[in-house]
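One structure below.
No value in this document is a laboratory result; all are computed from the given coordinates. If you're wondering where the values come from, they're calculated on a predicted model, not measured in any experiment. Note that each Cβ is placed from the backbone with ideal geometry, even for glycine, and that neighbours are counted across all protein chains shown.
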Amino acid sequence: MRQVILDTETTGLEPAKGHRVVEIGLVEILHRRRTGRVFHTYLNPQRDSDPGALQKHGLGTDFLQDKPLFAQVLTPFLDFVQEAELIIHNAPFDQGFLNHELARLNQPPLERCCAKITDTLTMARELHPGKRNTLDALCDRYGVDRSAREFHGALLDAELLSEVYLAMTRGQDSLLMDPVPTADGQLVRQASGRGPHSGLRIQYASLEEIDQHLQQLENLQKASRGQCNWLALHTES
């Protein structure tokens, strides 16, 4: 599935109190690689930012007053997220603000505009219980360079989160395989031709190599006084 890393900056913490989105950053990932395709825009929120928010992102009213309204970027934004899995750190926050913006335009909520939403904060808390799991903390934990992050920025933070997400999920790739019959009627697994591993050639062991492998397991069984688990698994299979 196509994935899109999403981040926003806002004028404050609560859309119910009239706070708005001031910046959106999206980064595309295909087959666990960044494609280089991004979506980035600043927005005129038609209000001032709270001091705390302004201190974080530095996007003042003078800078934002000539930027487009959310309605003016709605179509390219929806085109970018359509049918994608959205990867968001602390998803309820960004999701709440974007749903507020969408509702103002009588549009369906974000979760109906994409395939699914994955919260990396929830993932991080499951992987690292009891530890700090802010984006900064995760960058440090996974060796992602955040030296350019003087202010919070939607596109920069989305790019950092893309590296963190790929590091957090490393090792979860799966080779899609389909069972096919061999000449003797047994089922073996063959690459299905789907995804990044399509066209991968599978080299099966010969009967001689299988016999040599079994002999090695039996040698290990003797040397370990019956503690060779691999031989037990081979026998069970």
Along the charge dipole of segment 109-158, which of Cys139, Ala154, Pro109 sits closest to the positive end, that is, farthest toward it, with unit charges on the beta carbon of Lys, Arg, Asp and Glu (+1, +1, -1, -1)?
Pro109
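Taking loop as defined by DSSP and a crowding limit of 12 other beta carbons within 10 Å, which GluC sites (Glu not before Pro) in segment 16-89 fit?
Glu83
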Could you go through segment 26-38 in sequence order and give the Karplus-derived ³J(HN,Hα) for each residue, using 6.51 cos²θ - 1.76 cosθ + 1.60 with θ = phi - 60°, rounded to whole Hz, and x for Gly and Pro?
10, 10, 8, 10, 10, 6, 6, 9, 5, 7, x, 8, 9
How much of the DSSP bridge set in segment 3-168 is antiparallel, in percent, rounded to the nearest 5?
65 percent
Under a 5 Å amide H to amide H cut-off, with H placed in plane at 1.01 Å, what residues pair with Lys67 once short-range neighbours are removed?
Asn44
Around Thr118, which amide H atoms from residues at least 5 apart in sequence, or from another chain, sit under 5 Å from its own amide H, with H modelled in the peptide plane?
Leu86, Ile87, Ile88
What is segment 47-167 by shape, rounded, prolate or oblate, if you read a ≥ b ≥ c off the alpha carbon gyration tensor as root eigenvalues and call it rounded for a/c under 1.5, prolate for a/b larger than b/c, and oblate otherwise?
oblate
Quick one: Karplus J couplings for segment 48-57, per residue in order, coefficients 6.51, -1.76, 1.60, θ = phi - 60°, nearest Hz, x for Gly and Pro?
7, 7, 5, x, x, 5, 4, 5, 6, 9
Counting sequence-distant residues (5 or more places) and residues on other chains, those with an amide H built under 5 Å from that of Thr10 are Val22
Cα-centre dipole for segment 77-131 with unit charges at Cβ (Lys and Arg positive, Asp and Glu negative), debye to 20:
180 debye
